Amino acid sequence: MKIGIFALQGAFLEHRQALEKLGVETVEIRRRAHFTDKLDGVILPGGESTVQGKLLKDEGLFLPLREAIGGGMPVFGTCAGLILLAKKLTNDENVWLAAMNVSVRRNAYGRQLGSFRAELDTAHIGAYPAVFIRAPYIESAGEHVEVLAEHEGKIVAARQENMLATAFHPELTSDLRIHEYFCGMIRGADRT
Ligand code: GLN
């Protein structure tokens with residue numbers, strides 16, 4: 001299994017380390033040539049979504065990525081990656097890949113609560129120690145979206161078919177179960 005990690009900006013290295021601990025081969029995607037059909041899945045890391053969205057476009061990666069996701073390529077977005085996947089942002093005029101049927105609020109916890117930890121009861125996984133950093137949350141989820149975890153009534157992890165997204169950063173803890181879950185999605189993927 002080979003997973004591509006978008007490495008234009010943000011916390012990509014930690015995803016790489018997490019996957020390598022699981023024995024998964026990784027490739028950093030910085031340019032169009034790195035995004036090949038040899039990849040079994042991709043990760044959109046945390047960071048700054050506006051910067052990442054613009055860089056994806058500048059590098060000619062945006063449309064091929066959108067097409068691949070539409071074709072069933074497994075994708076895992078964390079934090080800014082969730083923002084890039086969302087069909088709607090409730091407090092931002094941008095919409096990026098518009099792939100996942102969720103409305104997302106950016107920086108939803110305000111300045112006071114820039115970053116925090118919380119233990120989440122996560123579907124398929126159980127108790128999970130989540131790290132949030134200037135995190136978004138999912139305000140509402142539409143058709144085909146399975147809610148995987150909530151924090152104080154707000155959705156913070158979800159799956160829609162080939163797409164997995166978390167508002168928090170599983171790559172910043174030593175608990176690899178969410179990355180493992182994504183690898184399981186890849187093994188079961190039905191790609192067109
Ligand atoms: N606040 C960032 C954004 O809106 C996301 C934060 C993160 O990825 N840690 O893009």
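Values as computed for the structure displayed
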read-out	value
Region 86-151: C-alpha gyration tensor shape, a/c 1.5 cut-off, then a/b vs b/c	oblate
The chain - percent relative contact order, Cα under 8 Å, separation 6 or more	19 percent
Helical segments meeting 20 Å axial Cα length and Kyte-Doolittle 1.6 threshold in the chain (DSSP H)	none
Calculated P(r) tail over 20 Å for the chain, as whole % of Cα pairs	49 percent
Residue-averaged [θ]222 nm for the chain, counting only DSSP H segments that reach four residues, each worth -39500 (n - 2.57)	-7000 deg cm²/dmol
Net lengthening on full extension, residue 22/residue 189 (0.36 nm per residue, minus Cα-Cα)	58.3 nm
Calculated FRET efficiency for the pair residue 143/residue 90, C-beta based, R₀ 22 Å, to 0.05	0.75
Euclidean distance between Cα centres, region 1-75 to region 77-137, Å	18 Å
Prolate/oblate/rounded label for region 1-51 (Cα gyration tensor, a/c 1.5)	oblate
Per-pair calculated FRET efficiency, R0 = 30 Å: residue 174 and residue 154 via Cβ, rounded to 0.05	0.75
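None of the figures in this text is laboratory data; all of them are computed from the coordinates on show. Fair warning: this is a prediction, and the values are worked out from it, not measured in the lab. Note: ideal-geometry Cβ built from the backbone for every residue, glycine included; neighbour counts use all protein chains shown.
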